[in-house]
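The values are calculated or read from the model by the stated rules, or taken from the named source; none is laboratory data. Just so we're clear, the structure is a prediction, and the values are computed from it rather than from any experiment. Please note: Cβ atoms are built from the backbone with ideal geometry, for glycine as well, and neighbour counts cover all protein chains shown.
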Amino acid sequence: MNKLPDFQKTDLEYAYDGELGAIYSDERTEFRVWSPYAEAALVKLYPSADSTAPCSVMKMKKSGGVWSVSVPGDLHGAYYTYEITNGGVARETIDIYARAAGANGVRGMVIDLSRTDPDGWAHSQPVALPDYTDAVIYELHVRDFSSDESGNFKVRGKFVSFCEKDPVNDFCEPIGLEHIRQLGITHIHLLPVFDYQTVDENDPDAGFNWGYDPLNYNIPEGSYSTDPNNGALRIGQFKELIKAAHDHGLGIIMDVVYNHTYLTEDSPFTKTFPDYYYRHRPDGSLSDGSACGNEFASERAMARKFICDSLCYWAEEYKLDGFRFDLMGLLDIETLNLCAEKLKKINPSVILYGEGWTGGASPLDESRRAMKHNASKLPQFAMFSDDFRDGVKGSVFSDSDCGFVNGEPDKTRTELIKSVMSAGIYHSDIERPRAEIWADKPQQTVNYVEAHDNLTLYDKLRVSMPSASDEEIAAADGFAAALVFLAQGIPFIQAGQEMLRSKPDGEDGYVHDSYKSPDSVNGLKWNDITVHRSIVEYYKGLIAIRKRFPQFRLRTAEEIRARLSFEDLDAGAFAEHIDDLILLVNPTDSALNYTINGQAEIYADGRKASDQPLYRVDSTISAYPHSITLAKKI
């Protein structure tokens, strides 16, 4: 193992705070790349993305740690690479700061970004979000949105599919953005849309991937473009998607994967500056806390700068509404807090959240990791509550394991559900070990029971409740959804969850992680809006209730402790009291009757939910088995 340079010393001597990449004007473009130990650097210009030979090669000059050269003329549309010599070896690479590229991200493209703006772009603005707890998030893959033939999209699997007018399913019911808007969603979380490695952009139908395999962080994925060899087109088409969402009142959250790259030895980062951008173990070997081969060394000055620059670029140029961080526990707290500070200046309503865990062991000190147990050190970030997920439906690591909605609720599980319904903060009414409490405000918890990883909620219920009827499965699904939408914190669902999304494997089981499964598994089956109309309407009603009653969107831990109280009932059931609202939570096999003084209006039971009263009751509130009832005393 070669001895690594002292990168702390490198940062002290060579860290650079200026702009990097291809800095365009119509009179000249300046190319800048940071590689302080390189012996030489060249810029190679190509007339097209697939040219076999450069039309021009220019030597770069070094100042400090930065190599640069200024090239006169309007270079918009010209493709370029760097050839950087390290340790006597010259390697050609795309610019890690490239903002446009041809097919499969081999070469960067000089870009005049103003030419990529769609009509009306100047008036398209991010969604105003008063507080994280006002968000209702819908996780969606670009290709899944339009790949299934049950939607009458003219173009499938592309950014522009989101811009088609009034798409419908086979029953002529609205689908696409209009369905999402009508459901009550506030933000669409897109699985990775930056340029990733494992789908051939020239033949995207030959393979599928979720996109957690980064190649070029600042370039939209070409397989979602109608012409991946046109570097400007993919930018414009992604902007059109964002504008279409904003026109529907929907924000766009971008899934970002700064914790690792797909390639290591052949990655653009290694070709630019070997070893610097990757975290190593004490013996000099690569660390692999991502379980993907490497970790990005976010704590190093120029790696930190890269992440901040990248996020700010997406936020400013694309007017994005938020960012979701993959394996956030591999990123250091200082970097993320700096990014949050910069992003909040660009968009005060930006929402930031991620996975507060790692994929394996890491040499990054525990005190510096963006983990759940360090949530208090990351005041602007929310984290996924796997406590909520597994408590409600059972562990994702065991198909047959049951949770609160599909099993026998013992005392410990009931207390866990009361806790996560309170955003996981400390509450004196709840018996939960203090060591398990990681959140200290409701804006820190993302509550969910289904995401792209693992079985869908419907499939999990099917496997863990093998003798249940279709009606019982649907009831358990609605029960879980009610807990998500009526809990303190931030509600999150996967696209299609509202229509009982399933990912069967074509045999007798279900796909756990469909990251490379075909469209037949991953595509949204839009006809299920009609087939499962009652559960779709139930989700819609629960979201409307959440929006009507601010009691489900409390802003502080102090408010939650002061205004929420719990009353234990029989066999794991309980009543949650919030001001004049009573939420009965009944996980048992028997109907539950609860006596009150006077009358109450019912807004939700196990069958229907609405922001308008469904009916009134006198003296007794009832809850069906395995369901909730929401009542407002009058």
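Restricting attention to the range 560-572, the residues that are more than 15 Å from Leu416 (Cα to Cα) and surrounded by 16 or more Cβ atoms within 10 Å (Cβ to Cβ) add up to 4.
Within the range 85-105, restricting attention to residues that are part of a strand (DSSP E or B) and either modelled with pLDDT under 95 or in contact with a helix residue (DSSP H, G or I) (Cβ under 6 Å, 6 or more places away or on another chain) (or both), the residue that is nearest to Tyr313 (Cα to Cα) is Ala101. In the set Val536, Val585, Val521, Val531, only one residue is farther than 28 Å from Gly424 by Cβ, of a type outside the set (Lys, Arg) and surrounded by 18 or more Cβ atoms within 10 Å (Cβ to Cβ); that residue is Val536.
In summary, Tyr262 fulfils each of the numbered conditions (1) in a loop (DSSP other than H, G, I, E, B); (2) crowded, with 21+ Cβ neighbours inside 10 Å; (3) not aliphatic (A, V, I, L, M) with the single exception of condition (2). For the residues Glu472, Glu498, Glu415, the requirement of being in a helix (DSSP H, G or I), modelled with pLDDT of 95 or more and surrounded by fewer than 17 Cβ atoms within 10 Å (Cβ to Cβ) singles out Glu472. Total residues in the range 603-634 satisfying the condition of being over 17 Å from Ala573 (Cβ atoms) and in contact (Cβ under 8 Å) with a residue 24 or more places away in the chain: the figure is 10.
I'd like to know if the range 257-276 contains one or more residues that are farther than 30 Å from Asp11 by Cα, at pLDDT 95 or above and of a type outside the set (Val, Ile, Thr).
No, there is no match, as no residue in the range 257-276 is farther than 30 Å from Asp11 by Cα, at pLDDT 95 or above and of a type outside the set (Val, Ile, Thr).
Within the range 57-73, is even one residue under 26 Å from Pro228 (Cα atoms) and surrounded by 19 or more Cβ atoms within 10 Å (Cβ to Cβ)? Scanning the range 57-73 turns up no residue that is under 26 Å from Pro228 (Cα atoms) and surrounded by 19 or more Cβ atoms within 10 Å (Cβ to Cβ). The residue list Lys345, Lys377, Lys271 contains one member that is of a type outside the set (Phe, Trp, Tyr), touching a residue at least 24 places away in the same chain (Cβ under 8 Å) and closer than 28 Å to Ala100 by Cβ, which is Lys271. Taking the range 501-597 and the helices (runs of 4 or more DSSP H) fully enclosed by it, the elements with 1 or more residues that are among the acidic types (Asp, Glu) and in contact (Cβ under 8 Å) with a residue 12 or more places away in the chain are at 519-522, 528-531, 533-548. Would you confirm, using the coordinates I've provided, whether Gly506 is modelled with pLDDT under 95 and of a type outside the set (S, T, N, Q)? The answer is yes for Gly506. The test for being touching a residue at least 60 places away in the same chain (Cβ under 8 Å), surrounded by fewer than 16 Cβ atoms within 10 Å (Cβ to Cβ) and charged (D, E, K, R) does not hold for Asp148. Scanning the range 490-526 for residues that are among the aromatic types (Phe, Trp, Tyr), over 13 Å from Asp459 (Cα atoms) and in contact with a strand residue (DSSP E or B) (Cβ under 7 Å, 6 or more places away or on another chain) yields a count of 2.
Does any residue of the range 60-68 turn out to be of a type in the set (D, E, K, R), more than 23 Å from Leu113 (Cβ to Cβ) and assigned to a strand (DSSP E or B)? Checked the range 60-68: at least one residue is of a type in the set (D, E, K, R), more than 23 Å from Leu113 (Cβ to Cβ) and assigned to a strand (DSSP E or B).
With the requirement that a residue be in a helix (DSSP H, G or I) and closer than 30 Å to Ala439 by Cα, what does the range 106-152 give you? Listed by number, the residues that qualify are Tyr132, Thr133, Asp134. Look at the range 1-15: where a residue is closer than 13 Å to Tyr278 by Cα and a partner is at pLDDT 95 or above and of a type in the set (Lys, Arg), sitting 6+ places away or on another chain with Cβ atoms under 6 Å, you get Phe7/Arg300.
Taking Ser398, is it over 26 Å from the mean Cα position of the chain (by Cα) and either surrounded by fewer than 24 Cβ atoms within 10 Å (Cβ to Cβ) or modelled with pLDDT under 95 (or both)?
On the way: over 26 Å from the mean Cα position of the chain (by Cα): no; either surrounded by fewer than 24 Cβ atoms within 10 Å (Cβ to Cβ) or modelled with pLDDT under 95 (or both): yes.
No, not satisfied.
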